[in-house]
Amino acid sequence: MNVPLLDLKPQLAALRPQIMAAVTRVIDSTGYILGREVTELEEKIARYCGSGQGIGVSSGTDALLAALMSLEIGPGDRVLTTPYTFFATMGTILRVGAQPLFVDIEPDNFNIDPEQMAEALAADRQAGRRIKAIIPVHLYGQCANMQRIMALAAEYEVPVIEDAAQAIGAECPYEENGIVTWHRAGSMGLCGCFSFFPSKNLGGIGDGGMLTTSDQGYAEIVRSNRNHGAEPKYYHSRVGGNFRLDPIQAAVLAIKLDHLEAWHAARRRNADRYRQLFRDAGLVGSPVGLPQAIYGEIEGAEQHNHHIYNQFVIMVPERDRLRQFLQDHAVGCEIYYPLCLHQQECLRSETYRKLSFPVAQQAAASSLALPIFPELTDEQLVYVVETIRRFYRAG
Ligand SMILES: *Cc1c(COP(=O)(O)O)cnc(C)c1O
């Protein structure tokens, strides 16, 4: 049996006539920049995420970049974030000339640790307030602890940019004005940054992204920055860039959005099935070095959250050998991410590499993403777990 990490073909097959018609419609319209398709998707995504408005941008990376530029964050400023995420979270901070400031992640959910954020913010207040934004990442499709993060943001008066690139539709319980309701990723901070990279739960047929916000003034700045800060056309009060979402992508994404909840549900069913199969196989342990220990989404997840499983990630001490074994047996898997951000070579300063974030580094050394896409069959899920069982059996 062959189990790819991700197969986009079944999803395409189901929607192909609609997608082809939508793409043809945009081509025939000759309206190739922004326009109705983009506006309609912005409205749909804003409604879906429970945010005031959406601003279609060229990628998740450009959503983050526009978010930072629109706050006028630059040289001398610091942005507090996690060392365990996709590179773009840090890359955009560096591109505006600011410095990333890292704190470690929580051991049970791969997301930034609010208690360590509190310490960093307190220290920063003493040292003259250089932290100008906080970027929590809802990694793998599970919300960071937004209740705690937003309380800290209010206390220290620092805006929150949610990196929700992997978490469109993820929810967490969130108290506002004394009432607890489920809030969607990207609706709690000043803004949410989404990616439509094809491997995300809502993926385009190329690059695309969206920024959501309920702050009208901020939205206007982001919209302006999306188009070189031109207002009116050819008059530039700010620099901005070309961060526009392509209408072909918008038209395709609008079709797919109608199926997103069903796809999330299928991913969740797959995750539940994995958990059951791993338990039945006696393969679940603690994260601290037991042999035959599988941890990660098996035990840590779903405690305080509505996960959308962009990735299903286990932690195993013998990760690299297991990865090879799975690949040898035609099971797709991937390491997200093998190196923490503070360890990346592009950070020229030695002081970064001397930092230590034990939980993030442990995750980087032992995490492995398994196939979780919606159309997986039960036979395939059984085969993945059976292959892992054979690996441990063989020693
Ligand atoms: C995918 C991703 C991004 C970047 O999105 P692109 O659309 O690929 O530019 C940013 N942050 C995280 C956490 C991501 O997973």
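Could you derive backbone 3J(HN,Hα) for segment 305-320 from the dihedral phi with the Karplus parameters 6.51, -1.76 and 1.60 (θ = phi - 60°), listing whole Hz in sequence and x where the residue is Gly or Pro?
7, 10, 7, 9, 6, 4, 9, 10, 10, 9, 10, 9, x, 9, 3, 5
Rounded to the nearest 20 Debye, what is the dipole magnitude of the chain about its Cα centre when Lys and Arg each give +1 and Asp and Glu each give -1 at the C-beta?
640 debye
Could you name the lysines in cross-link range of Lys44, using Cα to Cα under 20 Å and dropping any fewer than eight places away on the same chain?
Reachable lysines: Lys200, Lys256.
What ranking of Lys9, Lys44, Lys200 emerges when the number of other C-beta atoms within 10 Å of each C-beta is taken as an exposure proxy, fewest first?
Result, fewest neighbours first: Lys9, Lys44, Lys200.
Evaluate the distance, in nm, between pseudo-label points positioned 7 Å from the Cα of Ala265 and of Ala365 along their respective Cα→Cβ axes.
Spacing of the two 7 Å Cα→Cβ label points: 4.2 nm.
How big is the charge dipole of segment 71-117 about its Cα centre, in debye rounded to the nearest 20, if each Lys and Arg gets +1 on its Cβ and each Asp and Glu gets -1 on its Cβ?
The calculation lands at about 320 debye.
Compute log10 of I(q)/I(0) for segment 210-253 with the Debye formula, placing one identical point scatterer on every Cα and leaving out solvent, at q = 0.19, 0.24, 0.25, 0.27 Å⁻¹, to two decimals.
Computed log10 I(q)/I(0) values: -0.63, -0.86, -0.89, -0.94.
By how many nm would the segment from Ile179 to Gln343 lengthen if fully extended, with 0.36 nm per residue of separation less the alpha-carbon distance?
So the chain would gain 54.9 nm between Ile179 and Gln343.
Which whole-Hz couplings ³J(HN,Hα) result when phi for each residue of segment 51-59 is put into the Karplus expression 6.51 cos²θ - 1.76 cosθ + 1.60, θ = phi - 60°, listed in order with x for Gly and Pro?
Taking θ as phi minus 60°, the curve returns 10, x, 8, x, 10, x, 10, 6, 5 Hz for segment 51-59.
Convert each backbone phi in segment 135-149 into a coupling constant with the Karplus relation 6.51 cos²θ - 1.76 cosθ + 1.60 (shift: θ = phi - 60°), then list the ³J(HN,Hα) values in order as whole Hz, x for Gly and Pro.
Per residue, the Karplus-derived 3J(HN,Hα) values read 10, x, 10, 8, 6, 6, x, 10, 5, 5, 6, 5, 4, 5, 5 Hz.
Where does the charge balance sit around Met20 when Lys and Arg score +1, Asp and Glu -1, over other residues with C-beta under 14 Å from its C-beta?
Net of charged neighbours comes to +2.
For the pair Ala122/Glu72, report the inter-label distance in nm, with labels modelled 7 Å from Cα in the Cβ direction.
3.2 nm
Name the long-range amide H neighbours of Phe312: under 5 Å, sequence gap of 5 or more, or other chain; modelled H, no Pro or chain starts.
Amide H to amide H, under 5 Å and 5 or more residues apart or across chains, Phe312 pairs with Leu370.
Rg to Rh ratio, the chain, alpha-carbon atoms and Kirkwood radius?
0.97
For Gly208, what residues show an amide H to amide H distance below 5 Å, using hydrogens built from the backbone and excluding near sequence neighbours?
Those lying under 5 Å, H to H, from Gly208 are Gly60, Phe196, Phe197.
No value in this document is a laboratory result; all are computed from the given coordinates. All figures in this text were calculated on a predicted structure; none of them were measured in a lab. Note that each Cβ is placed from the backbone with ideal geometry, even for glycine, and that neighbours are counted across all protein chains shown.
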